[in-house]
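The values are calculated or read from the model by the stated rules, or taken from the named source; none is laboratory data. Just so it is clear, the structure is predicted and the values come from calculations on it, not from any experiment. So basically every Cβ, Gly included, is an ideal-geometry build from the backbone, and we count neighbours across all protein chains shown.
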């Protein structure tokens, strides 16, 4: 997500079903790439493993060769988790058996959130993300891993875990009377398209419209059934300039822009979001170009959320980055409104 609202605007109210790390107090939820995240990163540890058994690297763009970066620490791989919360082996997004229901890597389920879309919603965080955002507040969700254990010592399910859509919805039964829908986030949910599609369609059939919270790396134009079934998409735009986007995330911006245009034209872009992190990219250029693009597409009513960078939970080398000033945030909002957008909010 995934920023997935990577600014860490505060813990969403609700009950986390998984994703704790060693040292977290009981019941302390871990954000997984959404605006509701913002918890501290993992301490240095033993590192998780890929399917081939290689240690997860996680270097950021510009790191020198031979300087490994942990998914949750400044200098090493992710910690081994004795409770099975965040370590494990890489797993496919779904089983290979013909006719079997798709299974996805689920990092955490939050039964109630007021900051991940309209109204009170449940949030399903998926595990795995190919972006390596410099300001990521949830780096523990990047490796495509699942826990080697089924249960924690207290008997509760261990996460990340493989689940079917039916299993996810079963976990939400106690919350269903109190929520208006679900949001599927990450990690990056678009990296598990078959499972994502099955979950969105199953949720819709169960009377829980689903929003997709994405970094835009997947080709949603090639997933028409998912797009039809989804209530809408919340798309993160990290930076407009290709060079800046590559330096910030280690990934290309072209697919993100293609999804912005496709989803806006299809009437499915509920919200565009940019985390404002001074010094990491040209925020004025990004806001101006994004707003102009939406207006040109006839999508001037699309909400554009500008999220203030906050240092809580980021990797150590980025803790001293300055937060944007109130004046700077207001100036960016003015740029977006001057371009013709009608719904610009600051968080």
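Quick notes on this structure:
- Cβ pairs under 8 Å, 6+ apart, first in region 298-325 and over 14 Å from residue 280 (Cα atoms), second modelled with pLDDT under 90 and not in a loop (DSSP other than H, G, I, E, B): 315/139
- The set of residues from region 284-313 being over 17 Å from residue 273 (Cβ atoms) and under 22 Å from the mean Cα position of the chain (by Cα) comprises 311, 312, 313.
- Every residue from region 114-132 that is buried (at least 24 other Cβ atoms within 10 Å of the Cβ) and either closer than 23 Å to residue 198 by Cβ or over 11 Å from the mean Cα position of the chain (by Cα) (or both): 116, 117, 121, 122, 123, 124, 125, 126, 127, 128, 129
- Qualifying position, being crowded, with 19+ Cβ neighbours inside 10 Å and over 30 Å from residue 306 (Cα atoms), among 164, 141: 164
- Qualifying residue in region 263-275 (condition: modelled with pLDDT of 95 or more, buried (at least 23 other Cβ atoms within 10 Å of the Cβ) and part of a helix (DSSP H, G or I)): yes
- Looking only at region 173-193, and only at residues there that are surrounded by fewer than 24 Cβ atoms within 10 Å (Cβ to Cβ) and in contact with a strand residue (DSSP E or B) (Cβ under 8 Å, 6 or more places away or on another chain), the one that is nearest to residue 136 (Cα to Cα): 181
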